[in-house]
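Only one structure is covered here, and it is reproduced in the block below.
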Number of protein chains: 2
Amino acid sequence: MIRIMERHYFDWAATAIPDCTSTLQKSEAAHCFANPSSIHEEGRAARKVLEEARSRCAKALAVKTEEVFFTSGGTESNAIVLFSQFCKPNRSVFLYSAVEHPSIRENAATNNNATPLERFGISCAAIGVEKDGRVSEATLEKALEKNPGARMAAIMAVNNETGAVNEIKKLSAVLRKRQKQPVHLHCDIVQAAGKIPLDLDDWGIDSASLSAHKIGGSRGIGILWLKKTITPLLRGTQEKGIRPGTENTQGAIELAQALEKYAAPLHNNGSLPSFYSEAEARMKTLIAGLRNTGFFIPIPEDRCEEDSRFSPWILQAAFRNKAGKIIPGEVMARALDEKGFAISTGSACSSRETKRPVLEAMGMDKETSRGGIRISQGWSTTMEEINFLVDTITMLLNSL
Amino acid sequence: MIRIMERHYFDWAATAIPDCTSTLQKSEAAHCFANPSSIHEEGRAARKVLEEARSRCAKALAVKTEEVFFTSGGTESNAIVLFSQFCKPNRSVFLYSAVEHPSIRENAATNNNATPLERFGISCAAIGVEKDGRVSEATLEKALEKNPGARMAAIMAVNNETGAVNEIKKLSAVLRKRQKQPVHLHCDIVQAAGKIPLDLDDWGIDSASLSAHKIGGSRGIGILWLKKTITPLLRGTQEKGIRPGTENTQGAIELAQALEKYAAPLHNNGSLPSFYSEAEARMKTLIAGLRNTGFFIPIPEDRCEEDSRFSPWILQAAFRNKAGKIIPGEVMARALDEKGFAISTGSACSSRETKRPVLEAMGMDKETSRGGIRISQGWSTTMEEINFLVDTITMLLNSL
C-alpha cells in the first residue's frame, strides 16, 4: 500500500528542519578535516577554519570571540556549567528555575536526595515561577531570601514547553542587587537563539548555552558562552580546557552559518527581521483560529494572540471535547499525527513520560497539564500550514 | 604566489580522512532529521534509523545491540565511565594504565591532589607499563597488590602514541583471578576499532569507548559499549539514561557504515582483511627503510619490522643527526610538514605540550622522549607514500 500524505512539521522546538547542513561545500569540509590540535599544515588549516567559525558565531551573537566555546550541544553546555559547581572551593547553593530544561532540572531537582549535585554537598533549590511560567522579580527575591548562600543560578531565556520568555536583564539586576557575593548566572538560550532578540552582554549573565540542531545546524555541536571563566569537572586541553574532545570543525561552520542567518538579524535593535514578524503573524492566526473552536485552553489560560510574554515560535495548549472534558495530550498529538501533523506534547527529552513538571510548576491542575500539546513552528512554516492545522484541529474537536 | 605541493597525510591517529560521511544520501539524512525522542511519525522514523544504526554498529563489533550507547565521542565515552565512579555507594580505588589517553589520565593522574576524582575521595593509582609501553601481567599484579580496594580499572587496547597493543584478554584474566570483589574493567578502543582484530565479549571487559572520526566517520559521535550497566553522573532520558542530549542520528548512520567497512572484517578470525595485511606490509617497509638511514631510533628501541606487540597503523620514532644528537620531535615534524608530510609528535590532544608522559612512563630518557614523532597511516595510505616518506626523512637527516 502506498501512502501519500503531505506532512506538516510543528515540532521545531524538538529539532529544526536542517538548513545549513546542506549548504556546506564538500571541498570546504575536505579542507578542514584534520584535527585542529595537530600542528601540521592540515591541522593548522582546520584550526583556522574552526577559529573563523568561532569568530563568526561570536559576531552573530554580538559577543567576544574568546567567550565562545564549542561543545557537543545544549545538554553538555548546561552540564559543564552545572558540574563546575563541584570544583568550587566553597560549595554552596545552586538555584534553578522550576521550569528549566531537564538537562538542568533533573540534575538538580530537590525532591530526590540522590541527585548528582546534592550527593556531593551542593544544595539545590528551585526558583518558583508565576502562573504564566515566568520567573518574576518576586519569585526570584523569595528564592534568594530563602537561600542567602546561593552562588550559582540558572534561569532559561525561553521555556521549551510553553514559550514563556523570561526578562533576564531585569532578573539579573535583582540578583546582582540582592546578593553581595558574586553569583554565577547561567542562561539556557537553546529556544531563544535565532528566535527572539537577545543581547547576552546587556543581560548581565555569566554564561549561556545553545544547540546547533535547534536552529538548522547539525547534531553534536553547540556553544557554551562564558563571560567569566569556570573550572569544568572534566579536564582536557581543547577549547582552552573548557570542553575536551576533538573539535567538531564541520559542525562549527554549519553552526556559524545558522547563527548568521537567524541570530544575527535579531540583534538589529528597532527593526526586527521579517522572519520574526511573520512568525508573530502566524502565531496570532493560530491562537485566534484555535480560540474560535470554543474548545481551546491556552497554557497559561491568559495567553493572548499577541503576547510579549511568550515566544511566537511555541504554543502550549489543551483542548476540551464536546462533553467539556479535557482531551489527553497524547490522544490529541496522535490524532494530529495521523492527519499529517508532527506535534509533541512536552519536551522531546521527556516525551515518554506522563508527568508534566513544567506545567505543574505553573500551578496548573493535573488534568489540564496532561492535556497540553506543544505546537512549535520554524522559519519555513507557512500561513497555509497554520490555517490547515487550525482546520484540522477544528475538525478533530468535532469528532473526539 | 601559488604553492603547488602534494600533501601526504600521516596523522591518521589524530583523525582519519573522512570516508563514510560523503556516502550518505541527502534523502536519507532528510528522512531522519527529526528528534528520535519525538513520538510523531517523523520522530519514529528517526528512532527507527537510529536503532538500525545501533544494531549495525553492534553487529560490526560482534556485540549485543542493547550494549551499544551513542555518545559525542571517545572522550565523552571515557568520561561517562570515569565519573560513574562518583555515583558508587562504595567509593574506592580507580586504577589506570600510566599510558592512557589524556581523557582518562588527566582526570585521574595522581601527582596532583586536585584531580576531579581524587577531590571527591576516590583514590587513583597508575598501573605501570613495561619498556615496550604495554601493561604486563606483572605490572598489573603489582598494581593490584598495592591497591586491594580497586573497583575500577582502565587499560587501553592500542596506545595512541606508540601503537603498543595490550593483551586485554590475558590482563582481564589476571584481574578477575586476583580480585575477589567485582572490578569494572574499561577499555579505550579508539585506536583499535577498525585497525586490529578485537573481540570485546571474549576479552572479559565491562566497557569500551570508540570515536567515529578516527575511523572515517564524522565528529561529534562515538560509542560507549557497556557489558554491564553503570550509573552515570549526568542524568537524562536518552540512550537509556547513559548519555543525555538529542541523539546524533546522521552521525550514527555514518559510524555504522565506517564500522561495517573496517571493524567487521577484522572479526573473521583466521583470515584478516587485505587492508590489514597491506598496512602491515607498509609498516614493515617503513621501519626497514628508516632503519637503513642509520639514524633511526624506534620507540621502544626493540620494536622490529614485524612486531605483534604493536599496531601496524602507528609508529613512534626518534632520529639522530649526523653529530649523534637526537633531533627534537617538533623540529622533525616541522621539517616534514614543509616537505608535504602531515605528522604529529604525540597525541593531538596534547600537541602543544612539550612533556611526553607516555614515553616517560615507558622509562624512556627525556632526550629521546622529546625526539619522538608519531607516524600514523590509514586505509588509503599507499606504499608509494611510504617510500616517499622514507626518502624524504633520509634526505632530511643528511641536512639536519
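The values are calculated or read from the model by the stated rules, or taken from the named source; none is laboratory data. Predicted, not measured: the structure shown is a model, and the values here were computed from it. Positions of Cβ are backbone-derived with ideal geometry, glycine not excepted, and every protein chain shown enters the neighbour counts. What goes into the accessible areas is simple: the full protein's heavy atoms, side chains included, and nothing from ligands, DNA or RNA. Shrake-Rupley method; radii C 1.70, N 1.55, O 1.52, S 1.80 Å.
Things to note:
- Output for the stretch A:211-235, where each listed residue is without any contact (Cβ under 8 Å) to a residue 24 or more places away in the chain and more than 7 Å from chain B (Cβ to nearest Cβ): A:Thr229
- Cβ-Cβ distances below 9 Å connect the following pairs, each with a first residue in the stretch A:113-135 that is within 13 Å of chain B (Cβ to nearest Cβ) and in contact (Cβ under 8 Å) with a residue 24 or more places away in the chain, a second residue that is of a type in the set (S, T, N, Q) and in a loop (DSSP other than H, G, I, E, B), and a separation of six or more residues or different chains: A:Ile122/A:Ser92; A:Cys124/A:Thr110; A:Cys124/A:Thr115.
- Count of the stretch B:106-149 residues which are at pLDDT below 95, open to solvent by 10 Å² or more (accessible area, probe 1.4 Å) and of a type in the set (Ser, Thr, Tyr): 2
- Restricting attention to the stretch B:150-182 and to residues that are polar (S, T, N, Q) and farther than 26 Å from B:Arg303 by Cβ, the residue that is least open to solvent (accessible area, probe 1.4 Å) turns out to be B:Gln179.
- Residue count for the stretch A:150-184 under the criterion of being of a type in the set (Gly, Ala, Ser), touching a Cys at 6+ places or on another chain (Cβ under 9 Å), under 19 Å from A:Arg105 (Cβ atoms) and not in a strand (DSSP E or B): the result is 1.
- Of all the numbered requirements in (1) touching a strand residue (DSSP E or B) at 6+ places or on another chain (Cβ under 7 Å); (2) modelled with pLDDT of 95 or more; (3) among the hydrophobic types (A, V, I, L, M, F, W, C), B:Phe341 misses one, and that requirement is (2).
- Considering (1) without any contact (Cβ under 8 Å) to a residue 60 or more places away in the chain; (2) part of a strand (DSSP E or B); (3) more than 14 Å from chain B (Cβ to nearest Cβ), the lone condition that A:Lys142 does not fulfil carries the number (2).
- Residue among A:Ala46, A:Ala62 that alone is over 30 Å from A:Met364 (Cα atoms), in contact (Cβ under 8 Å) with a residue 40 or more places away in the chain and under 24 Å from the mean Cα position of the chain (by Cα): A:Ala62
- Qualifying residue in the stretch B:221-239 (condition: assigned to a helix (DSSP H, G or I) and surrounded by fewer than 22 Cβ atoms within 10 Å (Cβ to Cβ)): yes
- When A:Ser103, A:Ser77 are screened for being among the small types (Gly, Ala, Ser), at pLDDT 95 or above and either touching a Gly at 6+ places or on another chain (Cβ under 7 Å) or surrounded by fewer than 24 Cβ atoms within 10 Å (Cβ to Cβ) (or both), only A:Ser77 passes.
Here's the yes/no breakdown for (1) in contact with a strand residue (DSSP E or B) (Cβ under 7 Å, 6 or more places away or on another chain); (2) within 10 Å of another protein chain (Cβ to nearest Cβ):
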site	(1), (2)
A:His40	yes, yes
A:Arg56	no, no
A:Phe69	yes, no
A:Phe83	no, yes
A:Ser97	yes, no
A:Glu106	no, yes
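- Out of B:Ser344, B:Ser308, sole residue that is touching a residue at least 60 places away in the same chain (Cβ under 8 Å) and surrounded by 23 or more Cβ atoms within 10 Å (Cβ to Cβ): B:Ser344
- Qualifying residue in the stretch A:186-205 (condition: of a type in the set (D, E, K, R) and over 24 Å from A:His267 (Cβ atoms)): no
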